[in-house]
Every structure is written in structure tokens, then in C-alpha cells.
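Shown next, in C-alpha cells, is the structure this report addresses.
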Amino acid sequence: MRYLVLRTENLTKEFHRRPALCGVTLEVDPGEVFGLLGPSGCGKSTLLHILLDFIRPSHGQALVLGMDCQRNGLKVRRLVGYLPQNLTLPKGVTAGHLLERFAALRGGVEMTFAHELATRFQLNLDMACERLSPADRRKVGLVQAFMHRPELILLDEPSRDLDTAAQMELYRLIAEFRAEGRSVVIASQSISEMERICDRVAVLHQGRVIAVERGAQLRARAIRKIEMRFANPINPQIFMGLNNINQLVCDQNKVYCTVLGDPDALLKTATQFRVLDIISQQPSLEEVYHTVYGIPAYAA
Amino acid sequence: MRLDLFKDLWLERRRRVAFWCGIVVGWCGAVALFYPLLVDEAFVDRLADRFNPFLESQQAYWLLVLAVFGLPVIGGMFAFWEGGKLFKGQAVRHSIAFLLAYPLPRWQVYLSRVGYLLSACFLLTVVGFLSGSGAILLTGSQLPASYWGFLPGLFLLIVLFGEVGILLGVLSQSFWLDRLVWIILLILLYLPYGLDSSDSTVRYSPLFYMLGELPLPGTIEVGNLLGLGLLCVAGGLLGGFAFERLELE
């Protein structure tokens, strides 16, 4: 039988008769980076909370590292690293002391590795927690999630508040852990982040998994809004033959359009002319839900 | 109980406890200011008759009664709010959830918090009694024989308020429900005390349990203390049971 790091079967959770998760069935393989994509309130954090036994499912079962996450909650939490979405740090201690406390709570943590992680994230461990910026607090959370080299890491909105350099470092760290055969589950609202680092992504909508896509599939189905400025006015007819272009608007020397998937053909066509500027924007999650999964924007 | 969690809580909340200790000391000082009024025996007799005919009118005794009767309210208020705040609020719930992401059983987290509350309540009670004795001694009176005998009852009563606060903190997020419960507790604390019935004085108030046989100086009713102690144990267990089932969203 295939060993799975994480397996949920028909997981359902209701809060005051309002469904937060509806029959979620997922499987995560060892060494896989798995994404949970969806807007706020779609059940991503609820799913992670069930895996850590903060809340109990109304129906269904969740196995983490082969163990029932309710019956073997302590064992599971010993082997799992977790970064919460909302991180509350105590006052009156430095980040370094706090990490030492966390290490003592967990046991078996190499503090040299924790310090190495802090250096990689450029986190000043001598600073008091109450003086840390939101980005630094997030870094403390990330260090404590990774410092015991867990088999499975659950990250809830990991790159929120982080600057670009710290985000890149996080992605490198995730890639290193994946190369060591460890698994990472990331809950995020950012499509670009999911495309970039996840092997597979579960797309959630109102507590249901509406699709599980491979990272490459997600990239192929990605929508980009593109704005190009040319040196001279352009005839829009030249772009009309491209089959993955939508909402094409030409305004003299400016062209606006949306590209579904690979933008290669568009760029090759555009470079026949002198391009002064090109801006590519990722659409909002609501737009992707609407365009790709046919879910009205307001419902996402 | 995890000593490190207990220590962290104390470090985090030490200023709050110090503030309430200050209030207790201030209360005892304010009570001492009433001393000249209490020297007036006729006034004291009139007041004592209204309150409870069994009470004696010794000035120092009245001073003690004032101080001791204020402490359950101040201590109880501290314990009630603090007990609630240990488990209530979004930030607190997040920090508890964060702790529980570590391999810690819930009962350890619960016991650490209850342990902090018990120690803070004990400190507040002792500070109250010390400053109460200071106020009495400053007026040139002697401490009554049973004075320190009230300490365990008062401590248990304050702890009981704290446990009610904990239960509300775990079960309810409502700001108004807290206040309503506190008002009801306050009324229960004082109002029925010393109610006269046809044949004897009937006491329903928790103060009765704390004070034991107060009208007979030098004796403490052990049965009352045991009853209060059992209530505290039951309250603690109930809070633990509720916390074990608490859903940390």
C-alpha cells in the first residue's frame, strides 16, 4: 500500500450548522509540496486546524504520517512543523529567547540550525518580540516551523508580510526540504506562489475541493493581463489570430489583452514591432475562479 | 503542569497582578481612614444592628470586617476577569492554538494557566491580609485571634470566582454575558448574607463559607472550608473538561 504523508477522507466540518469543509478528500505524497488555494473563508485554515487537532471534524477522517490526527495528536504534532496564519508572540522576550523556548517545548532541536535559518531570513534574534515588524514576526514563525526538520510542514499564508528577498529564501528552503524527501502543505491565496512552488494544488471553494491541479497545469491555465506599448500604432488584426488571447483592446500604440497559459506566441508576435514597454499582471483569485472554474466572482 | 509555561505566564502578566495588588493595598489604606468613624460606638452599634445583630462592636473588629469584606470583591473581580482573559479573545486563542501545535497535551496548557491563576490569587490574598493587618496595627489595635484563620476561606472564594471566569472564558466569547454573570455573583456575594429568619440567622452567601463562624472569634468552620474546597476542585475539573473540548478556530 502506498505510504502517504497526508490523507483525508470525506472530511467535513460544520460550525453552528454552517459547513466550513464539505467532504474533502486529499492525498499528499512524501517529498511533495502541496498547495491549498482559495479565498479567505474557503476552509484552508480549518483543514490545517483539523490536521493539528485544534478542532475535530464533524465527519470523515484525517491521517497524518500514517496516524489518526485525533487519536495520535501528540505524536503527529511532534513530527509536524506549523506556521499559523495569525501569529501572536509574547511580549518581554527577544526573538532568540522565544526560539529557545519553542525548542525546549519541542525537544531535540538543534539550535545551530535554528540560528542558521534566522541568518538566512536576516532575522535579528536580539530584538524584543514586541518591536519586531510583521515581516520579522513571520520569520520567527517560519524558523520555529522548520527548525526541528519535521517530516511534514504546514504553512498557513507563509509569504504574507514577507519582502521579496525573504520570500525567495522561503521558496529555496521549501525546495531543499522537498529534496530531502520532506513534505510541505501550503495554504495561500496567491496563485503565483502556488504556481511557483507547488507540485500539486487543491483549489477550494466554499469548503469543497473543486479541482486538484498539477503545478504545471496551473501554470498552463494561468491567466495574465498584459499591457504593451509600442513605438508606433499597431494593427490589432495581427493579434487576433492567436488562440489564447482574450479581451483584446488596441488603443493606437497600446495593446491590452488577457493571455490564457503560455504567453510565448503573443510575445513573438509583439517583438516583430518595436516594443517600448510591457506590463504583465496576475489576475485576482476571483477572476481566475470565474474564468477557469466558472464560479461567479462574487461567490469566490 | 509545565513550569516553563507557568513562568512565561507570570512574566507576561506580572504587571497586571502588581496593579491589582496595589488596589488591594489601597483599599486597606482607605479602610484605615474610616477608623475615626468606627470609634463612635453608637454609630457602630447602629450599623452592626442593621447588618447582623450577632456582630460585636469592637472598633478594630469592624475595621477587620471592612477590610475582609472588601477583599472578596477586589480579589474576586481580579480572578474573574483574569480567569476569563486566560482563555478568551482572538489573540489568546491564537496563542493557545500556537502552543498546542507543539507536542503538549491540552491538560498541561490548562494546568499551567490555572496554576498561574491560583498563585496570583494566593499572592493577592496574602497581600490583602498583610496590608489589612498593617492598617489595623497602625490604628493601635490588636489583631483579632481568628484574623489569619479567614485566609484559606477567602483564598478559596477568590479561586472559585476565578474558575467561574475560566469557564466563561472557555465557553463564551460574549463581553456582556461576563458582566452580567459578575453582577449576579456580586449580588450573591453580599445580599443574602445575614438575612434574618424567624428563629435564626440564615446565610446563603458565599461569604458565609469564607468566614465560617465569624460571630464566634477564634473558630473556623472546617466543614465550610471543605465544601468550598470541593467546589473549587469541581470548578477546576469542569473548566478542564470544557477546555479539552474547546475548538480553537
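The values are calculated or read from the model by the stated rules, or taken from the named source; none is laboratory data. All values reported here derive from a predicted model rather than from experimental measurement. As a convention, Cβ positions derive from the backbone with ideal geometry for all residues, glycine included, and neighbour counts pool all protein chains shown. Just so you know, the surface numbers come from the protein's heavy atoms only, side chains and all, with ligands and any DNA or RNA stripped out. Shrake-Rupley method; radii C 1.70, N 1.55, O 1.52, S 1.80 Å.
Assorted remarks:
- Taken over the stretch A:104-115, residues that are more than 10 Å from chain B (Cβ to nearest Cβ) and either part of a helix (DSSP H, G or I) or modelled with pLDDT of 90 or more (or both) amount to 5.
- Boolean, residue A:249 is part of a strand (DSSP E or B), in contact with a Phe, Trp or Tyr (Cβ under 6 Å, 6 or more places away or on another chain) and not charged (D, E, K, R): yes
- Scanning the stretch A:25-49 for residues that are of a type in the set (Val, Ile, Thr) and under 18 Å from the mean Cα position of the chain (by Cα) returns A:28, A:33, A:46.
- Elements of type helices (runs of 4 or more DSSP H) in the stretch B:1-84, at least 3 residues being touching a Phe, Trp or Tyr at 6+ places or on another chain (Cβ under 6 Å) and either among the aromatic types (Phe, Trp, Tyr) or modelled with pLDDT of 70 or more (or both): B:3-33
- Filtered residue count, the stretch A:252-300, keeping only those that are in a helix (DSSP H, G or I) and open to solvent by 60 Å² or more (accessible area, probe 1.4 Å): 8
- Residue list for the stretch A:195-249, filter: of a type in the set (A, V, I, L, M), in contact with a helix residue (DSSP H, G or I) (Cβ under 8 Å, 6 or more places away or on another chain) and within 30 Å of residue A:11 (Cα to Cα): A:197, A:201, A:203, A:204, A:210, A:211, A:218, A:222
- Which numbered condition residue B:117 fails, given (1) more than 30 Å from residue A:100 (Cα to Cα); (2) away from chain A (no Cβ under 14 Å): (1)
- Restricted to the stretch A:17-53, and to residues there that are open to solvent by less than 40 Å² (accessible area, probe 1.4 Å), in a loop (DSSP other than H, G, I, E, B) and charged (D, E, K, R), the residue that is nearest to the other protein chains (Cβ to nearest Cβ) is A:53.
- Cross-chain or 6+ apart pairs with Cβ under 6 Å, the stretch A:158-174 first and closer than 20 Å to residue A:148 by Cβ, then among the aromatic types (Phe, Trp, Tyr): A:169/A:121
- Residue in the stretch A:76-98 that is more than 14 Å from chain B (Cβ to nearest Cβ), surrounded by 17 or more Cβ atoms within 10 Å (Cβ to Cβ) and within 26 Å of residue A:179 (Cα to Cα) present: no
- Among residues of the stretch B:171-196, those that are at pLDDT below 75, open to solvent by less than 50 Å² (accessible area, probe 1.4 Å) and assigned to a helix (DSSP H, G or I), counted: 1
- Criterion applied to A:229, A:224 was being over 21 Å from the mean Cα position of the chain (by Cα) and either of a type outside the set (Phe, Trp, Tyr) or modelled with pLDDT of 80 or more (or both), and the one residue passing it is A:229.
- Which numbered condition residue A:138 fails, given (1) at pLDDT 90 or above; (2) more than 28 Å from residue A:42 (Cα to Cα): (2)
- Members of the stretch A:122-157 found to be polar (S, T, N, Q), open to solvent by 10 Å² or more (accessible area, probe 1.4 Å) and touching a residue at least 60 places away in the same chain (Cβ under 8 Å), listed by number: none
- Taken over the stretch A:54-69, the residue count meeting the criterion of being surrounded by fewer than 23 Cβ atoms within 10 Å (Cβ to Cβ), within 12 Å of chain B (Cβ to nearest Cβ) and either among the charged types (D, E, K, R) or under 26 Å from residue A:104 (Cβ atoms) (or both) is 1.
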